[in-house]
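Down below is the structure, laid out as structure tokens.
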């Protein structure tokens, strides 16, 4: 009889292996806290990528201008908003003209100087517009002065707008490039 009472009062483990209500609530609270911390960080990733792409674009436009001054050969940055890309080109002194310009080799990577947006390292970033006196190319002469796609002096400031509102502008006359936005 004594053995029967002891068995009735002893706690047996649940053969189903489930969780208690307290354990489930604790996991839900921890998940909510982690989500509250992670969501603002994830929301700013797109803005950070846009800012990085804008900074890279500014560097590349500045590099094209500096290269034109250093070599005395016109350099071009040609944008393709449909393909979400741009390339840096230089004219051949023996055959001048934008039509004969060849894609430069990126001195940092040794690869052709073509930047494609929308993929790593800039997923989600694209070219909304590129306008330099109505065209999509900007060139620089041996003095660093900006040229439009028709190889004429740039009449007005031109710009490239990226997804997220980042804008890289090139001033007419000086060729000075600036970045604004995120």
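Just so you know, all these numbers are worked out from the coordinates, no wet-lab data involved. Everything numeric here is computed off the predicted structure, so don't read it as measured data.
Please identify, among 29, 125, 168, the residue showing maximal mean-square fluctuation in a Gaussian network model of the chain using a 10 angstrom Cα cutoff. So, out of 29, 125, 168, the one fluctuating most is 29. Relative to the longest principal axis of the Cα atoms of the chain, the long axis of helix 21-71 makes an angle of roughly 10 degrees.
Separation of segment 146-178 from segment 53-75 is 12 Å, based on Cα centroids. Here the chain carries DSSP beta bridges of which approximately 95% are antiparallel, counting only pairs with both residues inside. Note down the relative contact order for segment 45-180 as a percent, whole number, built from C-alpha pairs under 8 angstrom at least six residues apart. Contact order relative to length: 26 percent.
Please compute the contact order of segment 131-174 in relative form: average sequence separation of alpha-carbon pairs under 8 Å and at least six residues apart, divided by the residue count, as a percent.
On the way: 75 pairs, mean separation 15.3, N = 44.
35 percent.
The helix-based estimate of mean residue ellipticity at 222 nm for the chain, built from -39,500 (n - 2.57) per DSSP H run of four or more residues and divided by its residue count, is -11500 deg cm²/dmol to the nearest 500.
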